[in-house]
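Trainee: My questions all concern the structure below.
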Amino acid sequence: MTKWMRAIATALIAAVVAGCGGGSDDDESAALPAAVASVSVAPGDAVNTVQWSAVDSATSYNLYWSDASPVTKSSAVIKGVASPYEHKGLTNGKRLHYRVTALNQYGESELSPEANGMPVGPPPAAVTSLSVQPGDGINTVQWPAIQTATSYDLYWSETSPVTTSSAVIKNAVSPFVHDGRTNGKLVYYAVVALNEWGASALSIEVGAMPVAPVPAAPTTLTRLRVTPAWRWRGTRSRGPIPTTCTGPRPRVWCRVRPA
């Protein structure tokens, strides 16, 4: 009897151990975090800000990244990060790719979908000074250089205010001669500075009216002599003597006519 009881007990213990062992793997697998569902990247100046959706059972996250796609678990990794994460010290203009995993006490999830972003530098500052010198059918527009600008767009209009919807002269260089204008007609101007990362705000607005040149003062004079012809009757003590006189004053030549 004892022998049979020992056999039954051994069988029961084996069954319980086998059952527990098989269920342990399933329970542990079921307790792993779900994969992160979505990832987004917002680029900035030498930085990418990576953001992802939360996973309920996750206690931390790993951020995998690479400058080539696809990102795998063999790629570079930043461990124990939280969303949103600022990936700093990057090179502007170089695109990076990202994927995220969620972790808890049971392990690490599968990789999230992949997202990418390219850091970009700031656009130029706005032009703060603008001058216009009017001329005969022209306006000469001038502005100071902006340190990070690589080109300029000159906007103009015959009505104020000037906007980025106004007529534009691309890649203008200061000083810029805007010719073909009508004398006496006011024209308004504003400038935008540009670089590879974007465009500045519009500069201050300045207007000017082309004008015809004022005639120069004469530099030489021509002297004219007028010789009048006139009659003069002189008198003497004995009576009037008719005479005829011609010539410019004060030189007058007179001929006395007989009475």
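Trainee: Against the condition modelled with pLDDT of 95 or more, over 26 Å from Trp197 (Cβ atoms) and not in a strand (DSSP E or B), how does Leu111 come out, does it pass?
Mentor: Considered against the rule, which asks whether it is modelled with pLDDT of 95 or more, over 26 Å from Trp197 (Cβ atoms) and not in a strand (DSSP E or B), Leu111 comes out as yes.
Trainee: Here's a follow-up. Taking Val192 as the residue in question, decide whether it is within 28 Å of Pro119 (Cα to Cα) and of a type in the set (Val, Ile, Thr).
Mentor: yes
Trainee: Quick check: anything in the range 37-53 β-branched (Val, Ile, Thr) and more than 36 Å from the chain's Cα centre (by Cα)?
Mentor: no
Trainee: Of all residues being among the small types (Gly, Ala, Ser) and in contact with a Gly (Cβ under 9 Å, 6 or more places away or on another chain) in the range 118-169, which is nearest to His87 (Cα to Cα)? Just the residue, please.
Mentor: Result: Gly121.
Trainee: Does Pro124 satisfy the condition of being within 30 Å of Thr72 (Cβ to Cβ), at pLDDT 95 or above and in a loop (DSSP other than H, G, I, E, B)?
Mentor: Here the answer is no, as Pro124 does not meet what is asked.
Trainee: Would a scan of the range 165-178 turn up a residue that is within 30 Å of Gly44 (Cα to Cα) and either among the aromatic types (Phe, Trp, Tyr) or in the same structural domain as Val71 (by TED's automatic domain parsing) (or both)?
Mentor: No, that holds for no residue.
Trainee: Inside the range 41-54, can you point out the residues that are over 16 Å from Asp67 (Cα atoms) and of a type in the set (Ser, Thr, Tyr)?
Mentor: Correct list: Ser53 only.
Trainee: Considering each of Gln105, Gln147 in turn, give the residue that is farther than 21 Å from Val206 by Cα, surrounded by fewer than 14 Cβ atoms within 10 Å (Cβ to Cβ) and within 21 Å of the chain's Cα centre (by Cα).
Mentor: Gln147
Residue by residue, here is whether (1) within 31 Å of the chain's Cα centre (by Cα); (2) crowded, with 18+ Cβ neighbours inside 10 Å; (3) on the phi < 0 side of the Ramachandran plot; (4) not assigned by TED's automatic domain parsing to the domain that holds Ala199 holds:
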{"residue": "Tyr64", "(1), (2), (3), (4)": "no, yes, yes, yes"}
{"residue": "Asp67", "(1), (2), (3), (4)": "yes, no, yes, yes"}
{"residue": "Val81", "(1), (2), (3), (4)": "no, no, yes, yes"}
{"residue": "Glu86", "(1), (2), (3), (4)": "yes, no, yes, yes"}
{"residue": "Leu90", "(1), (2), (3), (4)": "yes, yes, yes, yes"}
{"residue": "Tyr98", "(1), (2), (3), (4)": "yes, yes, yes, yes"}
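Results for (1) of a type outside the set (A, V, I, L, M); (2) surrounded by fewer than 12 Cβ atoms within 10 Å (Cβ to Cβ), shown as yes or no for each residue.
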site: Ala126; (1), (2): no, no
site: Val132; (1), (2): no, no
site: Gly135; (1), (2): yes, no
site: Val141; (1), (2): no, no
site: Thr163; (1), (2): yes, yes
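Trainee: Which residues, counting only those in the range 161-199, are hydroxyl-bearing (Ser, Thr, Tyr) and within 21 Å of the chain's Cα centre (by Cα)?
Mentor: Scanning the range 161-199 gives Thr163, Thr164, Ser165, Ser166, Ser174, Tyr188, Tyr189.
This table checks each residue for (1) in a loop (DSSP other than H, G, I, E, B); (2) modelled with pLDDT under 95.
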{"position": "Val17", "(1), (2)": "no, yes"}
{"position": "Ala34", "(1), (2)": "yes, no"}
{"position": "Ser74", "(1), (2)": "yes, no"}
{"position": "Lys79", "(1), (2)": "no, no"}
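The values are calculated or read from the model by the stated rules, or taken from the named source; none is laboratory data. Keep in mind the model is a prediction, meaning the values are calculated, not measured. So basically every Cβ, Gly included, is an ideal-geometry build from the backbone, and we count neighbours across all protein chains shown.
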